[in-house]
Amino acid sequence: MSKKARRDREDREGAERVGAYRDAGRLVLVEGMPMPQRCPICNSEDVVEPVAVVLDTQRKKAGISAAIGSAFEKLKGWKYTGPVAVELYFCKTHRWRGLYRCLIGLVMALSGLGYLAYVLSVTDLRNAGNQSLSIATIASLIALIGGFVVLMIPLYDPASVWFKPYKFWDRAVWVTGAGTAFLRSLPAYQAEERDPREEIRKYLRDR
Ligand SMILES: [Zn+2]
């Protein structure tokens, strides 16, 4: 389908057919609904195949920290009923953001490691206690640890390279991180439609 035809179809089908809304500068994603075929970061229509994005809380799943987590979530007005999974279309550049970050982290960590290995190889270990750490050695230690963190974040929480959850409400999630042009193109979320299940039912009924 051409971009124009796709856009026309989206326009024709109207706002209620798409599971994405804007709400005070945040993107609202509703699970089980089709998403606009545009990149949520740069609004490009030149998108590749959809990516399954899972928005989740980072709290532990069991025990006392979960109890504290869920009490805190209620205070914030959340109704967390589990991870929200949506299929989003990204442009080529933003599709691979997580991979780029992993590569940057890997290069940082390896260069830090390389310099430390060099320092170790030229240090007389018997007198090592008398030598203070050079700035280059400290910098390479920071690069090693920092690079490892940069590498691990996209692996541990892949969705975090694009979005930060702001609020969960049943099968919908409010996130920050979407581009302004993309948000402007979306319908505003109506407070009276706050039950995402109703929207999914409506979508399935009207289809
Ligand atoms: Zn993009």
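No lab work stands behind these numbers, since they all come straight from the coordinates. None of these values were measured; they are calculated from a predicted model. Heads up, the Cβs are rebuilt from the backbone with ideal geometry, glycines too, and the neighbour counts pull from every protein chain shown.
Numerical summary
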| read-out | value |
| --- | --- |
| Separation in nanometres of the label points that stand 7 Å from Cα toward Cβ, at Ser132 and Gln58 | 3.5 |
| Modelled FRET efficiency - R0 41 Å, Ala117 with Leu75, Cβ distances, 0.05 increments | 0.25 |
| Residue exposure sequence - Glu31, Glu49, Glu198, Glu73 - by fewest surrounding Cβ within 10 Å | Glu49, Glu198, Glu73, Glu31 |
| Packing-based exposure ordering (other Cβ within 10 Å, fewest first) of Ile64, Ile142 | Ile64, Ile142 |
| Whole-number percent relative contact order across the range 26-142, with pairs defined as alpha carbons under 8 Å at least 6 apart | 30 |
| Distant-in-sequence amide H partners of Arg38 (H built 1.01 Å from N, under 5 Å) | Tyr89 |
| Residues Arg101, Arg201 arranged by fewest to most Cβ contacts within 10 Å | Arg201, Arg101 |
| Given Lys76/Lys164; Lys74/Lys164; Lys92/Lys167; Lys164/Lys202, the pairs whose alpha carbons are separated by over 22 Å | Lys92/Lys167; Lys164/Lys202 |
| Phi-based couplings in Hz for the range 25-41 (Karplus 6.51, -1.76, 1.60; Gly and Pro marked x) | x, 10, 8, 9, 10, 10, 5, x, 10, x, 10, x, 8, 9, 6, x, 8 |
